[in-house]
Amino acid sequence: VDLDTAKQELEEFIPHVRNISDSSIRKMAGRDLTRFKQFKRQGIAVKFGRFSEKENNQIRKNVEEFLVVTGIDSAEKLLFTSRYPEDKGTISRLKAEHLFCEKISEGIPRPWRLIYYRARKMFDPNNYKGRYSREEKEKLKKYHALYGNDWKKIAGMMSRSNLSVAMKYSEIKSAINYGPWSKEEIQKLMHAMEEVIRKRLEDTNSLTSSGKSSRDLLIDREKLFQKFPWTEIEAKVGTRYWRQCKQKWNTILTNKMTKGQQLYRGTKALQAKINLIKRLHEMRVEDANEVNWEELSNTIGDVPREYVQAKFYKLKVTCVPFWQEKTFSEIIDYLFEKKLPEFEEDL
């Protein structure tokens, strides 16, 4: 199916499909379109949001049956094949021969990608491993000295996720400042961000040489929120790790967008918490990765999505007991049932 036809046919099942990248649409046309049409004939609508217990059980059943048919040792080998390089060829062949994509999504009226991500979350033994021990930190420094930023290799050796080891290494590097930002640090950050944005505009031929000065730069607002090479920006700043740079950049954006108004103080803070909890509960999503944080930014005001994510993090840490042991949906339910009435009464 050509791309335009795929978009048109998928739009019946996924209204926001035209906001999805072309490569993802092509994959969905191959993996999902036939399944969606079959579900339609059965009178079953395609679902998004939170996975039900019935769907979770169906995923477990599909995985277990696939393991029995193929003889693959474990769900970890099936879903995290790259962790087993010596078996990768055999497992990949078995997955292809026994139609892994079709079998793993059997009986679940959702996009294959969401089913696959859910299965990986359910069967990943490396989830929720907690804080790094002193020994792990020393190992991480040693492995980085040997392999540089090959986080995939290091993650495999430490039985942690790629993102986890990359973030932890940023935190334990020397010369990192944890105090208030100095004027010099802010200037370095702003200069680094300007360099990155300017290079992007030049790469896309958006920056013209029509006599504009080097400081006279107009860009689309959306480009201020796009994914940035934070490790590169971290290196340019020199005294802050990348998450600090990202947080500071979003603080600067928020301050500019709100003209310095305090959106999260007093009654405004209570109203923002109430709106945020209600919208998250309405979404009925199972995982934070499924939340459209850009859409949620309107619940607080004209702010970047990272600002909303930061406020939600603070909300769950301060209001939900033992939040580390709860799933995302359990956290939302607790906030909705226990904290929302308190906030509304306070307001």
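The values are calculated or read from the model by the stated rules, or taken from the named source; none is laboratory data. Everything numeric in this text was worked out from a predicted model, so none of it was measured. Don't worry about glycine lacking a Cβ; one is built from the backbone with ideal geometry, like all the others, and counts go over all protein chains shown. Ligands, DNA and RNA are stripped out before the accessible areas are found, and what is left, the full protein with its side chains, is counted by its heavy atoms. Shrake-Rupley method; radii C 1.70, N 1.55, O 1.52, S 1.80 Å.
The table that follows gives values for the structure above.
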| read-out | value |
| --- | --- |
| Rounded to 10°, Cα long-axis angle of helix 112-123 versus longest principal axis of the chain | 90 |
| Between 0 and 90°, nearest 10: helix 242-257 axis offset from the chain longest Cα axis | 70 |
| D (Stokes-Einstein, µm²/s), Kirkwood Cα radius, the chain, 1.002 mPa s at 20 °C | 90 |
| Average accessible area per residue (Å²) across the range 1-102 - probe 1.4 Å, nucleic acids and ligands excluded | 60 |
| Protein accessible area in the range 266-346, 1.4 Å probe - carbon and sulfur % | 47 |
| Most to least packed among 116-123, 339-346, 131-138, 46-53 [average Cβ atoms within 10 Å] | 116-123, 46-53, 339-346, 131-138 |
| Residue-span extension gain [Lys139 to Arg18] - 0.36 nm each, minus C-alpha spacing | 39.1 nm |
| Degrees separating the helix 53-70 axis from the principal Cα axis of the chain, which is the longest one | 60 |
| Reachable lysines, given that their alpha-carbon falls under 22 Å from the alpha-carbon of Lys152 and they are not under 8 places away in the same chain | Lys77, Lys88, Lys121, Lys129, Lys137, Lys139, Lys141, Lys142, Lys168, Lys173, Lys227 |
| Whole-Hz ³J(HN,Hα) from phi, Karplus 6.51 cos²θ - 1.76 cosθ + 1.60, for the range 23-30, glycine and proline x | 5, 5, 5, 4, 5, 5, 4, x |
| Shape category assigned to the range 266-346 from the gyration tensor of Cα positions, a/c cut at 1.5 | oblate |
| The range 134-173, accessible area per residue, ligands and nucleic acids excluded (1.4 Å, Å²) | 62 |
| Rounded if a/c under 1.5, otherwise prolate or oblate - the range 134-173, Cα gyration tensor axes | rounded |
